[in-house]
Structure formats: structure tokens, C-alpha cells
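The values are calculated or read from the model by the stated rules, or taken from the named source; none is laboratory data. Worth saying up front: this structure is predicted, and the values here are computed from it rather than measured. In this analysis, Cβ positions are derived from the backbone assuming ideal geometry, glycine residues included, and neighbour counts consider all displayed protein chains. All accessible areas refer to the heavy atoms of the entire protein, side chains included, with ligands and DNA or RNA removed. Shrake-Rupley method; radii C 1.70, N 1.55, O 1.52, S 1.80 Å.
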Amino acid sequence: MQKAIIIYFLTGKKNNIDELNQLLSEGWKVISQKPMSNGQGNASLSLVIVEK
């Protein structure tokens, strides 16, 4: 089974990295990661594919 999630990082308090960490602690493995942001603005975005 695979899932696609978009990880965002605005600041240390405004991000969803905990969502990815939770999946990893449940045994999911990252199989692909692609940046989605172009360096403009404050946000960093990545498309992450995980698999269990």
C-alpha cells in the first residue's frame, strides 16, 4: 500500500512534519520525495510517497 502526502514547513511551529514522523514510526518507509516549492516565499513543500 502507498500513500502520497504533502509535507509543508513554514516555521518551527507551522509544519506537518509530525504527520510524516508518525507514519514512519508506524512502519511506513519513504520511497520517493520531490520538492514542490520553487524557492520563492516562506514555505517549503515536498511531495512524499510512503509505502507499507
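Express the accessible area of the chain per residue in Å², computed with a 1.4 Å probe while the remaining protein chains stay in the model. Spell out each step's value before the answer.
On the way: 3910 Å² over 52 residues.
Averaged over the residues of the chain, the accessible area is 75 Å².
Neighbours of Lys29, meaning other residues whose beta-carbon lies under 12 angstrom from its beta-carbon, give a summed charge of 0 when Lys and Arg score +1 and Asp and Glu score -1. Net charge of the neighbourhood of Val48, taken over other residues with C-beta under 9 Å away and scored Lys/Arg +1, Asp/Glu -1, is +2. About its Cα centre, the dipole of the chain is roughly 80 debye, where the only charges are +1 on Lys and Arg Cβ and -1 on Asp and Glu Cβ. By accessible area, using a 1.4 Å probe on protein heavy atoms only, the chain has 53% of its surface on carbon and sulfur.
Here's the list of aspartates and glutamates a cross-link from Lys3 could span, going by alpha-carbon distance under 15 Å and ignoring same-chain residues fewer than 8 apart: Glu19, Glu26, Glu51. Here the chain yields Rg over Rh of 1.00, to two decimals, using C-alpha coordinates and the Kirkwood radius.
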